[in-house]
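Worksheet: the structure to be examined is printed underneath.
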Amino acid sequence: MDGIYWTRSARERVWSTYRAMLATSPVAMQEGRIQTRNGETCVFTCGPPQAAPLVLLHGGNVNSAMWLRSLPTWSKHFRVHAVDVIGDPGFSAPTRPPCRTDEHALWLEEVFSSLKMERAHIVGASFGGWIALDFATRRPGAVDRLVLLAPAGVVRVSTAATIQIATLMLMGAWGRDRALLRLFGLVDTSLTEDQQSFLAFCGVVQRNALSRLEVPAPIADEQLGRLSARTLAVLGGRDIPFSSDAAGRRLRELCPTATVQTIPDAGHALVDPTDLVQEFLSR
């Protein structure tokens with residue numbers, strides 16, 4: 001093993017594919033490295049230096065390439081910092097702290113400090129949504145507005161979905177491709193060029209890296225009730241890993257500052273959230 005990768009060559013395959021995706025970015029970005037308690041963290045920055053800061057936290061087992069389609073819009077209005085989350089197949093350290101601790105919040109706090117941000121908007125997707133939500137409840141003064149895209153950590157992952165995905169993963173290349181489509185809720189939809197490119201990268205990750213095995217448990221009622229940031233939670237009505245009905249119900253009951261919006265035909269990979277997020281953050 002080489003960190004989270006099966007071999008050094010496997011790591012290079014993932015990184016070279018990631019570099020190729022970054023080269024297609026419609027917005028010029030500055031690549032920076034931050035030293036944290038959990039190792040080096042890579043951050044891609046764009047947008048006006050004096051604009052309000054916006055931190056992006058991608059989903060698990062992917063990296064900041066998932067934000068490329070949204071950067072042209074968001075970087076017009078915000079100083080965007082796309083963070084490669086530790087433990088995922090980006091350029092940050094392969095460290096994977098236990099989700100039951102406050103290590104991810106402490107890590108993100110150090111990222112904020114290094115970027116000289118006292119307060120910022122945060123957009124988090126899936127696993128990144130859990131990090132963002134956990135951080136917002138532990139460090140309420142550091143978060144202005146919060147956007148959660150199909151977040152983990154609100155309800156438990158579906159056991160049936162876990163078995164279904166695991167079974168498909170054992171069926172060779174066809175099964176792995178089908179598992180990705182099922183996981184993201186894209187089985188019955190025609191894929192755009194961007195989606196095809198992103199799924200191809202996810203396939204490279206599957207073949208060359210060890211996926212995250214730990215899914216965050218639901219954040220406790222008491223902690224979730226401490227959420228004070230104005231929040232938009234966007235859920236997919238066809239989300240396989242997490243029940244959008246249960247997640248929406250829990251957020252509405254415990255988080256009075258949260259607005260929940262469900263997109264009925266979307267899966268765990270939501271339709272392009274760019275304009276929806278922009279409207280909420282600029283409101």
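State yes or no: is ALA247 part of a helix (DSSP H, G or I), modelled with pLDDT of 80 or more and not aromatic (Phe, Trp, Tyr)? It would help to see each step written out before you state the result.
Working: part of a helix (DSSP H, G or I): yes; modelled with pLDDT of 80 or more: yes; not aromatic (Phe, Trp, Tyr): yes.
Yes.
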- Task: Determine whether region 7-15 contains at least one residue that is hydroxyl-bearing (Ser, Thr, Tyr) and crowded, with 17+ Cβ neighbours inside 10 Å.
- Result: no
- Query: Name the residues in region 188-202 that are over 17 Å from the mean Cα position of the chain (by Cα) and surrounded by 15 or more Cβ atoms within 10 Å (Cβ to Cβ), would you?
  - Reply: THR189, SER197
- The helices (runs of 4 or more DSSP H) lying entirely within region 1-114 that contain at least 3 residues which are under 26 Å from LEU133 (Cβ atoms) and either in contact with a Gly (Cβ under 8 Å, 6 or more places away or on another chain) or in contact (Cβ under 8 Å) with a residue 60 or more places away in the chain (or both) are 71-77, 103-114
- Query: What do you reckon, is GLY60 within 20 Å of PHE127 (Cα to Cα), at pLDDT below 95 and either surrounded by 20 or more Cβ atoms within 10 Å (Cβ to Cβ) or out of contact with any Ser or Thr (no Cβ under 9 Å at 6 or more places or on another chain) (or both)?
  - Reply: yes
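Is one or more of the residues making up region 76-84 under 15 Å from MET117 (Cβ atoms), of a type in the set (Lys, Arg) and buried (at least 17 other Cβ atoms within 10 Å of the Cβ)? Give the derivation first.
First, pick out the residues of region 76-84 that are under 15 Å from MET117 (Cβ atoms): 78-83.
Those left that are additionally of a type in the set (Lys, Arg): 79.
Within this subset, residues satisfying the condition of being buried (at least 17 other Cβ atoms within 10 Å of the Cβ) are 79.
Yes, the conditions are met somewhere in region 76-84.
How many of the residues in region 239-259 are under 18 Å from the mean Cα position of the chain (by Cα) and not hydroxyl-bearing (Ser, Thr, Tyr)?
At the first step, the residues of region 239-259 found to be under 18 Å from the mean Cα position of the chain (by Cα) are 239-244, 247.
Next, from what is left, pick out any that are not hydroxyl-bearing (Ser, Thr, Tyr): 239-242, 247.
Qualifying residue count, region 239-259: 5.
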- Message: For region 225-244, give me each residue that is buried (at least 21 other Cβ atoms within 10 Å of the Cβ) and not in a loop (DSSP other than H, G, I, E, B).
- Response: THR231, LEU232, ALA233, VAL234, LEU235, GLY236, SER244
- Query: Looking at ARG182, ARG212, ARG178, which is the one that is farther than 27 Å from PRO72 by Cβ, of a type outside the set (A, V, I, L, M, F, W, C), in contact with a Leu (Cβ under 6 Å, 6 or more places away or on another chain) and at pLDDT below 90?
  - Reply: ARG178
- Breaking point among (1) in contact (Cβ under 8 Å) with a residue 24 or more places away in the chain; (2) part of a loop (DSSP other than H, G, I, E, B), for ILE122: (2)
- With respect to the numbered conditions (1) surrounded by 23 or more Cβ atoms within 10 Å (Cβ to Cβ); (2) modelled with pLDDT of 95 or more; (3) of a type outside the set (S, T, N, Q), which one is the sole condition not fulfilled by LEU276? (1)
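The values are calculated or read from the model by the stated rules, or taken from the named source; none is laboratory data. What you see is a predicted model, and the numbers here were worked out from it, not measured in a lab. Please note: Cβ atoms are built from the backbone with ideal geometry, for glycine as well, and neighbour counts cover all protein chains shown.
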